[in-house]
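Worksheet: one structure, shown below.
No value in this document is a laboratory result; all are computed from the given coordinates. Please read all numbers here as calculations on a predicted model, not as lab measurements. Neighbour counts run over all protein chains shown; Cβ positions are idealised from the backbone, glycine included.
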Amino acid sequence: MARRKKIYEGKAKDLFEGPEPGTIVQYFKDNASAGNGEKKAVIEGKGVLNNRLSEFFMLGLQQIGIPTHFIKRLNMREQLVRQVEIIPLEVIVRNYAAGTMAKRLGMEEGTALPRPIVEFSYKNDDLGDPLVPEEYIIAFGWASQQDMDDIVSLALRVNDFLAGTMYGVGIKLVDFKIEIGRLWDNDFQRLVVADEISPDSCRLWDIETGQKLDKDVFRRDLGSLSDAYTEVAKRLGVLPSNVTHTPHKPTLIN
Ligand code: C5P
């Protein structure tokens, strides 16, 4: 089969031209990075886990009527998605203070917020994805006021779904990031959840022990990232509970 054309090389995913116009293949790599690419590693199996987990979350969202770019998973590392115009924002929803919010405001990590808070960063690696007020976004034409109202409502619906789903398996959803894409149907625009939803882009803490089951394990050197992601996948029933991530050497099957 002819090699598909690569159209984008990202830190954790590569994008290839899809089989039909308007489609893209997302390839999930094992690369992990933190601190805007300052810390890097290859975590064996991470791409496979994130491909499965993102499929699980995107399908769940679609089932409750939240539009996403997801079409179908193709294999262990690839999924077919609709080609969208990505709005250059990281849409972050926080239920508890952690990460940059805790640092910026001097709050203790884990402090419950009075309500879910939605914030926006401008997607730009060279600038370190700076936090931006809604007024900048509208003034600079990255999105309209109507888009922003729709994005906030989409983000809060995603939060309700993810928080409930995770609560059901004993995990607290501290915060997460999503990206939103525009889908055009002639002149009619629809906003959909795009990119990925995985433990790379969420903070997930065990409700009982507070153990971190997300990318902070890598960012803060807290142990095995693949063990953490495997635990999330097992609890959600995305992997059978007896699977371990331990990479196996090729074996001869008689
Ligand atoms: O670092 P910060 O506290 O702002 O992150 C908030 C949430 O957004 C975390 O769940 C983090 O994993 C996610 N995030 C992300 N990609 C980024 C920045 C943050 O997925 N570039």
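One table, with the values for the structure above:
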| read-out | value |
| --- | --- |
| Label-to-label distance, nm, for residues given as ALA41 and GLN146 (7 Å Cα→Cβ offset) | 4.7 nm |
| The chain: relative contact order as a whole-number percent, Cα under 8 Å and 6+ apart | 17 percent |
| Stretchable slack from GLU9 to ARG182, in nm (0.36 nm times residue separation minus alpha-carbon distance) | 60.2 nm |
| Sorted by Cβ neighbour density within 10 Å, fewest at the top, the residues TRP142, TRP205, TRP184 | TRP184, TRP142, TRP205 |
| ARG190 versus LEU156: modelled label distance in nm, points set 7 Å from Cα along the beta carbon direction | 2.3 nm |
| q = 0.17, 0.20, 0.22 Å⁻¹, region 85-206: log10 I(q)/I(0) [Debye, one scatterer per Cα] | -0.90, -1.20, -1.39 |
| Cα-based reach from LYS40 at 21 Å (exclusive), listing lysines while leaving out same-chain residues under 8 positions away | LYS11, LYS13, LYS29, LYS123, LYS177, LYS212, LYS215 |
| Three-way shape call for region 1-84 based on the alpha-carbon gyration tensor, with the a/c threshold at 1.5 | oblate |
| Global form of the chain, assessed from the alpha-carbon gyration tensor, a/c cut-off 1.5 | oblate |
| Sites ASN124 and GLU208 - FRET efficiency at Förster radius 45 Å, r taken between beta-carbons, to 0.05 | 0.70 |
